[in-house]
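So the structure is just underneath, and the comments pick up after that.
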Amino acid sequence: FDLILKNSDKICSIIFIPTAYSVYLTDESTFSRHPSLKKSFKTLEESQIEVIDTTNSLRGNAKISDGSIFWHDDTHWNKRGIKAAA
């Protein structure tokens, strides 16, 4: 985290990627699941680093059709998950 802040003049954004659990099994907000992130996100934004939370986008796409945005046998996004995140 300190390295990111130290290089804030070279970093324009950070992308927060939720776990499959956060996408499929809970409706809790990012800050409800990870209260300590609120302070970290605020610090980043104060350093002019945008924080992009992909949780809601991935959740919305998981509700469409069959809901598969992660590979069934591991924790990585499949083609549809990559498209949703983009």
Out of (1) surrounded by 12 or more Cβ atoms within 10 Å (Cβ to Cβ); (2) in contact with a Phe, Trp or Tyr (Cβ under 9 Å, 6 or more places away or on another chain); (3) without any contact (Cβ under 8 Å) to a residue 12 or more places away in the chain, the odd one out for Gly67 is which?
(3)
What number of residues in the stretch 39-86 are charged (D, E, K, R), more than 16 Å from Phe16 (Cα to Cα) and touching a Ser or Thr at 6+ places or on another chain (Cβ under 8 Å)?
1
I'm trying to understand the selection: among the residues of the stretch 13-39, which are assigned to a loop (DSSP other than H, G, I, E, B) and hydroxyl-bearing (Ser, Thr, Tyr)?
Thr19, Thr26, Ser29
Exactly one condition in (1) modelled with pLDDT of 90 or more; (2) open to solvent by 100 Å² or more (accessible area, probe 1.4 Å); (3) within 12 Å of the chain's Cα centre (by Cα) is false for Ala86; which is it?
(1)
Scan Lys42, Lys10 and give me the residue that is assigned to a helix (DSSP H, G or I), open to solvent by 100 Å² or more (accessible area, probe 1.4 Å) and out of contact with any strand residue (DSSP E or B) (no Cβ under 8 Å at 6 or more places or on another chain).
Lys42
From the list Asn61, Asn56, pick out the single residue that is under 11 Å from the mean Cα position of the chain (by Cα) and either part of a helix (DSSP H, G or I) or in contact (Cβ under 8 Å) with a residue 60 or more places away in the chain (or both).
Asn56
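The values are calculated or read from the model by the stated rules, or taken from the named source; none is laboratory data. Everything numeric here is computed off the predicted structure, so don't read it as measured data. Ideal geometry is used to build each Cβ from the backbone, glycine not excepted, and the neighbour counts take in all protein chains shown. Accessible surface is based on the protein model in full, side chains and every heavy atom, while ligands, DNA and RNA are left aside. Shrake-Rupley method; radii C 1.70, N 1.55, O 1.52, S 1.80 Å.
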